[in-house]
Amino acid sequence: MFDAATLAVYLTAAVALILSPGPDTAYVLARGAGEGRRAGVLSAFGVATGILVHTVAAAVGLAALFRAVPEARTAVVAFGAVYLTYLGVQTLRTAGHADAHEAEGNPYVQGLAVNVLNPQVALFFLAFLPGFAPDSAPAVGMLLLGAIYAVITALYLGGVGALSGSIAPKGPWLQRVSGVVLLGIAGWLVGTNVPL
């Protein structure tokens, strides 16, 4: 289905993009550092699952909605920013309490939400994947390419989550850092997606 040269270029581009720091990496780092190795790895798997969601959306054309209807994009950004702000505030409020980890919620689900609620990821996959998909079966090709991207992401961010989790828990300050990172990601979402 894919020729070797195209696949090599895709893999090179995908690895370079995955290794560049962004909100997903910041979230996994903060979650691992704040709650430990398990939370970091689960967050990474949630992010990777979010990539699969965006891949399916791009393959069936749903992500084009963000280009056609700017209000849909704004609504998703607003919801995502509110959700991340809520998580950040909850994390800051519970830092240092015995029940802090339970209050912060499921790291897999929240990693999934951090990725899925970022419309830039949807637009990225809509723009990136078709350039590498074969003309004979573009939707199937996009699904396979997205799955490869998700696996590489899970491996890389899973390692990031495990390593950051090895320094936790060492006190409530790490949970506070995690809360501040979540608030920062919410601000980043608004700042990079809402026209001023």
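What to note about this one:
- Checking the stated criteria, Ala81 turns out not to satisfy the condition of being at pLDDT below 85, more than 30 Å from Ser136 (Cβ to Cβ), among the small types (Gly, Ala, Ser) and not in a helix (DSSP H, G or I).
- Subset tally (residues that are in contact with a Gly (Cβ under 8 Å, 6 or more places away or on another chain) and of a type in the set (Val, Ile, Thr)) for segment 1-48: 3
- Residue check, Leu189 modelled with pLDDT under 75, hydrophobic (A, V, I, L, M, F, W, C) and closer than 24 Å to Gly34 by Cβ: yes
- Pairs with Cβ under 9 Å, 6+ apart, first in segment 1-20 and of a type in the set (Asp, Glu), second modelled with pLDDT under 85: Asp3/Pro134
- Search result, residues across segment 125-146 that are of a type in the set (A, V, I, L, M, F, W, C), within 22 Å of the chain's Cα centre (by Cα) and over 11 Å from Thr55 (Cβ atoms): Ala127, Phe132
- Restricting the search to helices (runs of 4 or more DSSP H) fully inside segment 1-71 and requiring at least 2 residues that are surrounded by fewer than 18 Cβ atoms within 10 Å (Cβ to Cβ) gives 4-19, 37-60, 64-68.
- Residue count for segment 84-117, restricted to those that are of a type outside the set (S, T, N, Q), at pLDDT 75 or above and within 24 Å of Phe45 (Cα to Cα): 15.
The values are calculated or read from the model by the stated rules, or taken from the named source; none is laboratory data. Since the model is a prediction, treat every value here as computed from it, not as a measurement. Cβ coordinates were reconstructed from backbone atoms using ideal geometry, including for glycine residues, and neighbour counts include every protein chain displayed.
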